[in-house]
Structures are given as structure tokens and as C-alpha cells.
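Quick notes on the structure that follows.
The values are calculated or read from the model by the stated rules, or taken from the named source; none is laboratory data. Predicted, not measured: the structure shown is a model, and the values here were computed from it. No Cβ is skipped: glycine too gets one built from the backbone with ideal geometry, and neighbour counts run over all protein chains shown.
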Amino acid sequence: MKKEAEAYLFGQVLGTHSFLLRGGFLQPDEYSEIDAQYFLPGGETGTACTVLDSLGVSVRMDGTWIGTQVAPMLKEFYKDKKVDLSPLHFTEDKGVMDYVVIAGLVRSPMGRFQTLFSTGERWWSIPNEEDIAGCKAAAIDPFFGEETLRAAEICVRLGIPYVTIDAPHESYLHKHAAVNVVSKECTGSHYAGMAPEAVMELMLNEAEGLTILTQGGGEMLYGRKDGPIHRMRPFKVEVRSTLGAGDTFKAGCVYALLNGMSDEETVRFSSACSGVAISRFPLPLNPPKLEEVQALLKQN
């Protein structure tokens, strides 16, 4: 049954096996103690949906096909949440999963995504205009080729602002986004050797909306075409796990769009969401609540 939704999210929806280690990260030929482990919804879109629900936003989720090992967990997790799973396609294989080892500021994800993408076969949904129409904002992951482009084109045609992540400066996804959040990992691979300011200039020259360049725990840069580049430091918190930090930042940007925040307010709010998120583990069971985000904003 389709539920009402304020936001539409399209992208990676996974089952994530997470392992929090005690006493530091893995070392060759040394034993490591697992402090906690979970199997919970993950992926850039899955995590963002969980966070938005916690912030009080109703969402509609689509993207990765859901297999037999992931489906029961996913349905049980979201059964009492304002997350509409009706667009998702359920299959008879085991489904897409990843495995993440975490120790404080360090994490290492593992999976079979290179193998999956190399098959040339589609293992994700085709966005449906009926699922997007009526929503007030969207978020689109950049991973799914023609289907990613289709989601963006539908949003543009319907006048629905969308947030994306790590979209290159020359892409349709970046040029028409209300917000593009560009990570340190993206700049390191797409713009190797370029200074952050040079990357921002390149991005802003092609942008209609707000571009935010995040740098892990370093200073964030943000701005718009023909305007100055602004800077902001992330909030200082005690880090328990960085898993889901960027996905939570994206969710914060969607919330900001829905609530008409200014550029500065958007970056501050999203950074505070991320700050709350990295202070606990596991994130899906302890997503940021609005009052927690507001409290962190007041402290800084």
C-alpha cells in the first residue's frame, strides 16, 4: 500500500552487516575483538530514509532491488515508520549487501559492487513519475546511469527540487540539483591534485543550485554561481562511528529544502545532523532526532 510522502529518495538500499571493533582497527596477523555487530538497512538512500523519518519527514524509497535475505529485515525495520516501500522491487535472489568494519574515525566497507556493475545487467528500479509526483523534495544517488538521469529529469519537469551527492560538474545531475554534496572521496578520485577552491570554482560555474564540498573532519566549502565561496567547520563531537555520516548530511539537506532554509542554515543543520549521527552506533537504531540536532546547533 502506498503511503503519503513529502520526499522521494532513489538510490542504494542495502542490507548492511556492520562490525564495531574494540581497541583499534584491523592489523595484519593480529586478533581483533568485535564489540558489536548488526544487520540493518544501509546504503546512501536507505540510511537517509531512516534519518528523515527520525526528523519527522515522510519518505518514499526506491532504488536497489531487494532480495530474500534483505527483504524480511527491511520490512520489519520500516513497518512502524513513515517510509513507503511500495516502489521497491523484490526478487528471488539473496539481495545486495555490504559489510563494514568500523573503529572510531576509521571504517572499511566491503562488498561485490564492482562485480555487480560489471555484469551490465540492471539490478535497480526504473523511477516512476507517479511515485515522485506530489512530493515536495527528492534525493537522487548518482550510481544508476539512465535511471538516475530519469529520476532527475522527472524532478525537473515537475519542479521538485532534489539533493544529490558526488555528481561531477559536467553532469545533468549536478547542473539541475538544488543541492549537490561533494565528498572528499569524490574530489580525490575525480579531481585529483586540485585544490578544494579550484574544484569549487569548477562546480559553481556549472551549477543552478547550492554546492557543498565536505572534507571529512576538515573545513566545508559551499556557495552558488557568481557568488563567494563560504567556509564552515564541522561540529566537534566525540566520534563513535563515521558510518552513515555523509548519508545523514544528505538527509539534512532534504530536510532543509522542505523547510526553506538559507544556504548557511542548510549547511549548519546538515552538519549538525551528521555530528549527532557519528556520536552513536549503530545509526539505524539511533538516528538523529530533531531536538538533538537543535541542541547541537545551540551549543555551537
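The requirement of being in contact with a Phe, Trp or Tyr (Cβ under 6 Å, 6 or more places away or on another chain) and at pLDDT below 95 is fulfilled nowhere in the range 180-194; no residue meets it. Take the residues of the range 123-159 that are in contact (Cβ under 8 Å) with a residue 24 or more places away in the chain and β-branched (Val, Ile, Thr): which is surrounded by the most Cβ atoms within 10 Å (Cβ to Cβ)? Going through the qualifying residues, I end up with ILE140. Looking only at residues in the range 94-108 that are surrounded by 14 or more Cβ atoms within 10 Å (Cβ to Cβ) and touching a Gly at 6+ places or on another chain (Cβ under 6 Å), the one that is nearest to PRO72 (Cα to Cα) is GLY95.
Scoring ASP62 on the criteria (1) in contact with an Asp or Glu (Cβ under 7 Å, 6 or more places away or on another chain); (2) farther than 18 Å from PRO41 by Cβ leaves a single failure, condition (2). When THR242, THR266 are checked against the criterion of being polar (S, T, N, Q), buried (at least 17 other Cβ atoms within 10 Å of the Cβ) and under 15 Å from VAL163 (Cβ atoms), a single residue qualifies: THR266.
Within the range 168-184, track down each residue that is assigned to a loop (DSSP other than H, G, I, E, B) and hydroxyl-bearing (Ser, Thr, Tyr).
Here is the first cut: in the range 168-184, the ones assigned to a loop (DSSP other than H, G, I, E, B) are 168-171, 176-178, 183.
The answer is SER171, SER183.
If I filter the range 109-116 for residues that are of a type in the set (Ser, Thr, Tyr) and surrounded by fewer than 16 Cβ atoms within 10 Å (Cβ to Cβ), do I get at least one hit? Yes, the range 109-116 contains a residue that is of a type in the set (Ser, Thr, Tyr) and surrounded by fewer than 16 Cβ atoms within 10 Å (Cβ to Cβ).
Would you mind stating whether ILE102 is part of a strand (DSSP E or B) and either of a type outside the set (Lys, Arg) or in contact with a Phe, Trp or Tyr (Cβ under 7 Å, 6 or more places away or on another chain) (or both)? Considered against the rule, which asks whether it is part of a strand (DSSP E or B) and either of a type outside the set (Lys, Arg) or in contact with a Phe, Trp or Tyr (Cβ under 7 Å, 6 or more places away or on another chain) (or both), ILE102 comes out as yes. Suppose the filter is closer than 18 Å to ILE165 by Cα, part of a helix (DSSP H, G or I), of a type outside the set (Gly, Ala, Ser) and touching a residue at least 60 places away in the same chain (Cβ under 8 Å); does THR187 pass it? Criteria not met by THR187. The residue that is farthest from LEU105 (Cα to Cα), among those in the range 229-270 that are charged (D, E, K, R) and under 16 Å from the mean Cα position of the chain (by Cα), is LYS250. Kindly establish whether LYS236 is of a type in the set (Lys, Arg) and either under 24 Å from TYR162 (Cβ atoms) or surrounded by 24 or more Cβ atoms within 10 Å (Cβ to Cβ) (or both). When the stated conditions are applied, LYS236 does not pass them. Please verify whether MET200 is within 17 Å of GLU264 (Cβ to Cβ) and outside any strand (DSSP E or B), treating the condition exactly as stated. When the stated conditions are applied, MET200 passes them. How many residues does the range 1-28 contain that are among the aliphatic types (A, V, I, L, M), under 13 Å from GLY46 (Cβ atoms) and in a strand (DSSP E or B)? Selection size over the range 1-28: 2. For the range 62-115, the set of residues classified as closer than 28 Å to ARG240 by Cβ and of a type in the set (S, T, N, Q) consists of THR64, GLN69, SER108, listed by residue number. Residue-level analysis places PRO87 outside the set of residues that are part of a loop (DSSP other than H, G, I, E, B), modelled with pLDDT of 95 or more, under 18 Å from the mean Cα position of the chain (by Cα) and buried (at least 16 other Cβ atoms within 10 Å of the Cβ).
Scanning the range 32-80 for residues that are part of a loop (DSSP other than H, G, I, E, B) and in contact with a Gly (Cβ under 9 Å, 6 or more places away or on another chain), we see that the one that is surrounded by the fewest Cβ atoms within 10 Å (Cβ to Cβ) is THR68. Determine the pairs where a residue that is more than 20 Å from ILE34 (Cβ to Cβ), located within the range 278-300, has a partner that is loosely packed, with under 14 Cβ neighbours inside 10 Å with Cβ atoms under 8 Å apart, the partner being 6 or more residues away or on another chain. Here the result reads SER279/GLU238; LEU290/GLY56; ASN300/LYS236, each pair linking the range 278-300 to a residue that is loosely packed, with under 14 Cβ neighbours inside 10 Å.
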